[in-house]
Amino acid sequence: MVAISLSESSLGNLHSVNRLAVSLFNYYSSKEMLSLRVNDIMPQVYSIVHDGILNSFLKNRYKSINQDERLVYGRSKNGFIFPIQLQLRKLSWNTNDELIFIASVNSIKTKTAPILCIVDLEGDLKNVSSTFSWLFLGCKINNRRIENIQVILPSFFKII
């Protein structure tokens with residue numbers, strides 16, 4: 001469970017987290033996570049637009065909230081991405097009269113660790129899973145860090 005503030009002064013701040021969320025995002029304690037914003041625990045490609053989504057939600061007076069469980073991606077403390085199931089449970093008011101989202105987050109159980117990467121239109125790597133990093137980025141090519149998917153998968157844009 002993750003609770004996210006919807007108040008204008010603290011929009012997107014993590015309000016509370018349970019032990020499962022702390023473990024899932026690879027933090028040591030809830031206190032450590034409470035200094036973060038929700039944008040800090042999601043891949044950059046999503047985080048750069050997320051404040052706009054929250055602002056739009058507030059502007060439209062909470063008219064649309066998708067409560068269906070859905071697959072999204074989280075970003076752990078060490079920067080790796082991983083798939084999670086997310087369900088926005090409800091809106092609630094806390095003791096400080098602050099509006100918050102209550103979101104349920106769960107890991108996705110798989111037999112093997114997912115190999116994930118997020119690339120931009122030029123093929124630059126934006127976020128990767130730990131398995132992707134271990135398989136592809138653990139070894140440097142020509143003594144430099146791999147920053148573009150086409151270095152390791154030259155036909156990447158032909159495949160998609």
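The values are calculated or read from the model by the stated rules, or taken from the named source; none is laboratory data. Everything numeric in this text was worked out from a predicted model, so none of it was measured. Every residue, glycine among them, receives a Cβ derived from its backbone with ideal geometry; neighbour counts consider all protein chains shown.
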Exercise for the section: Would you check if there is a residue in the stretch 58-72 being of a type in the set (Phe, Trp, Tyr) and at pLDDT below 85? Expected result: yes
Completion exercise
Restricting the stretch 88-110 to residues that are among the β-branched types (Val, Ile, Thr) and assigned to a strand (DSSP E or B), the one modelled with the lowest pLDDT turns out to be 100
Handout entry: Failed item, numbered, when residue 33 is tested on (1) under 15 Å from residue 105 (Cβ atoms); (2) out of contact with any Leu (no Cβ under 7 Å at 6 or more places or on another chain)
Key = (2)
Exercise for the section: Mind listing whichever residues of the stretch 65-84 are outside any loop (DSSP other than H, G, I, E, B) and hydroxyl-bearing (Ser, Thr, Tyr)? Expected result: 73
Practice task
For residues that are part of a helix (DSSP H, G or I) and surrounded by fewer than 17 Cβ atoms within 10 Å (Cβ to Cβ), scanning just the stretch 25-38, find the one that is farthest from the chain's Cα centre (by Cα).
Solution key: 31
Practice task
Give the residues of the stretch 111-132 that are outside any helix (DSSP H, G or I), hydroxyl-bearing (Ser, Thr, Tyr) and in contact with a Pro (Cβ under 8 Å, 6 or more places away or on another chain), sorted by residue number.
Solution key: 129
Practice task
Within the stretch 44-53, identify whether any single residue is in contact (Cβ under 8 Å) with a residue 40 or more places away in the chain, assigned to a loop (DSSP other than H, G, I, E, B) and outside the structural domain of residue 133 (by TED's automatic domain parsing), and answer yes or no.
Solution key: no
Handout entry: Total residues in the stretch 6-24, condition of a type in the set (Ser, Thr, Tyr), at pLDDT 90 or above and surrounded by fewer than 16 Cβ atoms within 10 Å (Cβ to Cβ)
Key = 1
Practice task
Quick one: in the stretch 34-45, of everything that is in contact with a Lys or Arg (Cβ under 9 Å, 6 or more places away or on another chain) and at pLDDT 90 or above, which residue is nearest to residue 128 (Cα to Cα)?
Solution key: 43
Problem - residue 72 vs. criteria of a type in the set (A, V, I, L, M) and touching a Leu at 6+ places or on another chain (Cβ under 6 Å) - result: yes
Handout entry: Leading residue by the ranking (nearest to residue 119 (Cα to Cα)) among those in the stretch 142-155 that are within 24 Å of the chain's Cα centre (by Cα), at pLDDT 70 or above and not aliphatic (A, V, I, L, M)
Key = 148
Practice task
Kindly indicate the residue of the stretch 131-141 that is surrounded by fewer than 16 Cβ atoms within 10 Å (Cβ to Cβ) and of a type in the set (A, V, I, L, M, F, W, C) and also modelled with the lowest pLDDT among those meeting that condition.
Solution key: 141
